[in-house]
1. Report the residue count in the range 378-413 for those that are surrounded by fewer than 20 Cβ atoms within 10 Å (Cβ to Cβ) and under 31 Å from the mean Cα position of the chain (by Cα).
2. Name every residue in the range 231-250 that is of a type outside the set (Phe, Trp, Tyr) and surrounded by fewer than 17 Cβ atoms within 10 Å (Cβ to Cβ), in order of residue number.
3. From 122, 88, 81, grab the single residue that is among the β-branched types (Val, Ile, Thr), surrounded by fewer than 10 Cβ atoms within 10 Å (Cβ to Cβ) and modelled with pLDDT under 85.
4. For residue 162, state whether it is in a loop (DSSP other than H, G, I, E, B) and out of contact with any helix residue (DSSP H, G or I) (no Cβ under 6 Å at 6 or more places or on another chain).
Amino acid sequence: MYLVNLKFDWLKYKNFNNFALFNKKTSILLSQRHKYKSRRKKSLFQRINHSIIGSYNNFVESFKSKPTKYRPYLGPQSKDISSDKENIDVSEDRNEIVEDSKYSRPVSNKKHHKKSYRLSDIRKRWEAKREKRKKRKFKKKVKQRHIKKHKKRARLEFIRRFFPNYKKPRNIPLVELSDEEAAEVIKQRQKNYFYYTINSVALFIIAYLLVYFMYQLAVLVVASRWKLDSVLMYYDLAFNDYSPLWTRSNIILVTFSGPFISLIIGFLFYRFFSNRRKVKGFLKLFFLWIALHGFNQFLGAWATGVSFDEGFGYVPAWLYMNVFWQILISLIFLFILGIIGYYSASKFLDTSKSAFRVNQENKSKFLLFQAVLPWVIGTLILILVKIPNNMPYDTGNMITLLFGVVPILFNRYARPTVSFEKERKPTKIKWLYIVIFVVLILAFRIGLDKGLHVLLNYKFTMSLEIVPL
């Protein structure tokens, strides 16, 4: 095809003696031929040979190339006339050649580059796919939620055909009621607050007894390592203080074991168990009281032990810690306990089961009846139960819980982490918790009145025997 083009072009230009133009055209056509020929698929050896020859030619031409001429800058209006003329002539000749040749192919200045995939591009594509996947999952969840709400609404409408008052909202505005009915509604609401307090007091004392027994059990197990027997009573764990088995190291380990176990219990119940979705209502309140008692038996017990030189206070005493550092650490621990109480306000709001209780107007009142008053009443009950053997260390531990309960009232920006329905659920006294509370208090006071002598003997052995074949 290229030879035919050259033949016709020679016949065309032979009468004009314009051999220079003909030579330019032939060079362009031959370069196009070489260009399009190079696009054909080559084998691996041909590509390697072509790259080697090309690199060698470039290397040789680099020595043959002439240095560029120095052209000084003569101002913005100055023009190099010779270079402009050459450019115009070459462009005109090239346009004429392209117009005259019927079989010539268009010259394209575009270079074909292979796609290069960088690590940043791969990361961006992966992030885009992950965002799309998240959006897809979110849309799916929203769709499922709407379907569930629609089914629930349809089910309620179907049941209300036969029972018109089935699960209808009980919040009737007081303006629509008469004076007697409005007064009765307000009285019922006040009763509901006291129902919260009664249930919370029962859970408060059950949680205290659970943490107290775990505290003493840890001390018993660690003390039995050195064959130190003890007597468990409702107000203290008594040891033989004059036993020759006591040393400085086992005093520190025995007195540290109980608060350490309490700290682990508090962390587990506050961080993991109370945050589960299935844990709601009174069970969540019970876990919160366990967590606060656990934190208090470590953070508050340090301050109480330093003050009365008992219990956890033996650890800094036998470490020969300075009084300044003892008081400083006590203040830091009480501050941490206050922060834990401050941020637990939202979790206490989750236990209300009512959107009316957690709004901005009734939130502080609900927290007062749900957290602060149960602490006051529960502490008084425990002090009365332990009469006449109230130990200063144990009583001080119950009082230091003040730093974990009172800051709940000052968290005005607390919001429940659970979305409540508009329908109010009735508040009732949980008699099961009341019964458990009464049984545990009687067993604690009567069963441990004379003391329970505990002597644990355990031994861990490990033997390794190697017999040759």
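The values are calculated or read from the model by the stated rules, or taken from the named source; none is laboratory data. Note that this is a predicted model, so its numbers are computed, not measured. Cβ sites come from the backbone with ideal geometry, for glycine too, and all protein chains shown count toward neighbours.
1. Of the residues in that region, 8 qualify.
2. The initial filter retains those residues of the range 231-250 that are of a type outside the set (Phe, Trp, Tyr), namely 231-233, 236-238, 240-241, 243-245, 247-250.
Of everything in the range 231-250, those that are of a type outside the set (Phe, Trp, Tyr) and surrounded by fewer than 17 Cβ atoms within 10 Å (Cβ to Cβ) turn out to be 231, 238, 240, 241, 243, 244, 245, 247, 248, 249, 250.
3. Numbers: 122 fails: surrounded by fewer than 10 Cβ atoms within 10 Å (Cβ to Cβ); 88 fails: surrounded by fewer than 10 Cβ atoms within 10 Å (Cβ to Cβ).
After applying the criteria, what remains is 81.
4. On the way: in a loop (DSSP other than H, G, I, E, B): yes; out of contact with any helix residue (DSSP H, G or I) (no Cβ under 6 Å at 6 or more places or on another chain): yes.
Taking the combined requirement at face value, the residue satisfies it.
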